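Read the structure below first, then the notes.
The values are calculated or read from the model by the stated rules, or taken from the named source; none is laboratory data. Everything numeric in this text was worked out from a predicted model, so none of it was measured. Neighbour counts are summed over all protein chains in view; Cβ atoms, including those assigned to glycine, are modelled from backbone coordinates with ideal geometry. Heads up: the accessible areas ignore ligands, DNA and RNA and are worked out on the full protein's heavy atoms, side chains in. Shrake-Rupley method; radii C 1.70, N 1.55, O 1.52, S 1.80 Å.
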Amino acid sequence: MSDKEQLIIFDTTLRDGEQSPGASMTREEKVRIAKALERLRVDVIEAGFPIASPGDFEAVKAVAAGVKDSTICGLTRALDRDIDRAGEALAGAESARIHTFIATSPIHMERKLRMSPDEVVAQAVHAVRRARRYTDDVEFSPEDAGRSERDFLCRILEAVIAAGARTVNIPDTVGYSVPYQFGDLIRTLIERVPNSDKAVFSVHCHNDLGLAAANSLAAVRNGARQVECTINGLGERAGNAALEEIVMAVRTRRDHFDCDTRLDTTQIVPCSRLVSGITGFAVQPNKAIVGANAFAHESGIHQDGVLKSRETYEIMRAQDVGWSENRIVLGKHSGRSAFRARLQDLGVSFASEEDLNAAFARFKDLADKKHEIFDEDLQALVTDTNLDATNERIKLVSLRVCSETGETPKAHLVLAVDGEEKPGISIGGGPVDATFRAIETIVASGTVLKLYSVNAITSGTDAQGEVTVRLEKGGRIINGQGADTDIVIASAKAYINACNKLLLPRERAHPRTGDV
Ligand code: KIV
Ligand code: ZN
């Protein structure tokens, strides 16, 4: 990094991001995303809300055990039982942070907490002190700070810093702020809180008015040195500030910011793809930095300009944020060591020789069908292989689908359920519908299909299709993914993947309800 001050990047994809309805992730998926965030060199990873459910607790614990180069954070309300649970979940972390919060806006204190301002300050101070029993790295957030009174914010921040909070985070919980005013709020707080030099000022902006990134950057201009954000802007309601936008704005407009991050920006696109694949939240094509069109030039004038000099219409280089140039990396004749080495370059390692062998067998199958294998294919294939084979009670053995003009499509398949092969047949409105119905004749999951999406992983008609399905049962939402050059097979894999997750114990409750 340059001689600039460090801007700390605090990623909350696994916590606030997971609060997006439909974005729930399993423990294994969270660990996979956490490792990708570690490769991205994110400073702090908020891994979850340990008190929310046993699943959340285990996920934070697993992330704490598996990630070494980023600080792992657990969220808590300002309650002893939350803090103790977070302390327990984070015990195995190389570097642990506890993030505790309590609401400070008049509307939240009066109507939600039914507490007086004095009681709120006392509880916040107590919570910070208790969290300090577990770690020196304690963060405090006055929830709904964007609608809180400035005098009260100054009072509570001074008190929690004196009690040992090293980071004070100012959340615009409901996305109500506008950049000029939010920047002014941060500057005022830093100026007026007497011990502000003892803590890092952080911001956490929601995107209800589409201003989360702008508000965060206004805060950075006014002295904030930590930004809380998520990959692809995932998060509660309209989401949080998008990590990729904050990081690239600060880097691209270094003339406007006296700080920079330590991130390896070439990991941004792989991370974005991983998060969108796991959550089933597709990235809109015109999304800044990570959208498929973010670096595509359609107009002739633009194309001509870019061909003559890239800078005419491009302010960043696609490869600097991790867009690969669809390089052909491996093919049919590549061996196991080339396969392992290329995956190592992509930051993927295998827990055991069996895992490597399983992935390599899939690679060989794919190479038989697809001439040129790109990095994106390898990533999808490994994502597929990593679906924790131990949790795969249902496996696709074979699938045949008849689909022709004027005829009703029909699917015949065989699934292995706990090792026992079972046949299923169904007709359907289309080949995918017939396949899903045939799976249901065996699995009888009782779910409702909420989302079905297919994306081509690379270009060309032999590209693999990456399918996401979202199933719902009794309010529980499960996403499944599958990839294959045959999109009906990819669809079957995705559906079966979701059914396998459904068979796992329920992992979490929605943290924001507070019903824990
Ligand atoms: O939006 C919010 O206020 C939060 C806090 C818990 C930081 O997510
Ligand atoms: Zn939030």
Taking the alpha-carbon centroid of each part, what is the distance from the range 186-216 to the range 40-85 in angstrom? 23 Å
Loop-only check: which GluC sites (Glu not before Pro) in the range 49-103 are DSSP coil with at most 13 other Cβ within 10 angstrom? E94
Cα centre as origin, Lys/Arg/Asp/Glu Cβ charges: the range 391-503 dipole, Debye: 440 debye
Cubic angstrom per residue, convex hull over Cα atoms of the range 5-279: 110 Å³
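Could you do me a favour and compute the accessible area per residue for the chain, 1.4 Å probe, result in Å²?
Numbers: 22070 Å² over 516 residues.
Ligands and nucleic acids excluded, the figure is 43 Å² per residue.
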Assuming a ≥ b ≥ c are the square roots of the Cα gyration tensor eigenvalues, decide whether the range 396-453 counts as rounded (a/c under 1.5), prolate (otherwise, with a/b larger than b/c) or oblate. oblate
Sequence-separation-based contact order of the range 5-279, relative, with Cα cut under 8 Å and 6+ spacing, percent: 21 percent
Would you work out the Kirkwood radius for the range 391-503? I mean one over the mean of 1/r across all pairs of different Cα atoms, in Å. 14.1 Å
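Tell me which GluC sites (Glu not before Pro) from the range 389-474 have a DSSP coil assignment and no more than 10 other beta carbons within 10 Å of their own.
Details: sites: E392, E404, E407, E420, E421, E440, E466, E472; in loops: E392, E404, E407.
Counting only loop positions with at most 10 other Cβ atoms within 10 Å, the GluC sites (Glu not before Pro) in the range 389-474 are E404, E407.
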Expressed in angstrom and rounded, the centroid-to-centroid distance over alpha carbons for the range 139-169 and the range 271-324 is 39 Å
Round to a whole angstrom and tell me the spacing of the C-alpha centers of the range 365-380 and the range 94-116. 49 Å
Using 0.36 nm per residue, how much length does the chain from A361 to A292 gain when fully extended, once their Cα-Cα distance is taken away? 21.8 nm
Whole-Hz ³J(HN,Hα) for each residue in the range 243-248, computed from phi via Karplus 6.51 cos²θ - 1.76 cosθ + 1.60 with θ = phi - 60°, x for glycine and proline: what do you get? 3, 4, 6, 5, 5, 6
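For the cross-link pairs K35/K61; K364/K422; K112/K473; K35/K369; K35/K473, which exceed 23 Å when the distance is taken from alpha carbon to alpha carbon? Numbers along the way, then the final one.
Values: K35/K61 14 Å; K364/K422 27 Å; K112/K473 30 Å; K35/K369 30 Å; K35/K473 30 Å.
K364/K422; K112/K473; K35/K369; K35/K473, as the Cα separations exceed 23 Å there.
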Partner lysines whose C-alpha sits under 20 Å from that of K370, ignoring same-chain residues fewer than 8 away, are K332, K493
If you take the Cα atoms of the chain, find Rg, then find the Kirkwood Rh from the mean of 1/r over all pairs, what is Rg/Rh? 1.00
With x for Gly and Pro, the residue-by-residue ³J(HN,Hα) of the range 195-210, computed from phi through the Karplus equation 6.51 cos²θ - 1.76 cosθ + 1.60 at θ = phi - 60° and given in whole Hz, is 9, 4, 6, 8, 9, 8, 8, 10, 9, 9, 10, 9, 10, 4, 9, x
If you restrict to DSSP beta bridges whose two residues both lie in the chain, what percentage is antiparallel, to the nearest 5? 50 percent
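What percentage of the solvent-accessible surface of the chain, computed with a 1.4 Å probe over protein heavy atoms, is contributed by carbon and sulfur atoms?
Numbers: 10980 of 22070 Å².
Carbon and sulfur: 50 percent of the exposed surface of the chain.
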Nearest 5 is fine: what % of DSSP beta bridges in the range 5-279 come out antiparallel, could you say? 5 percent
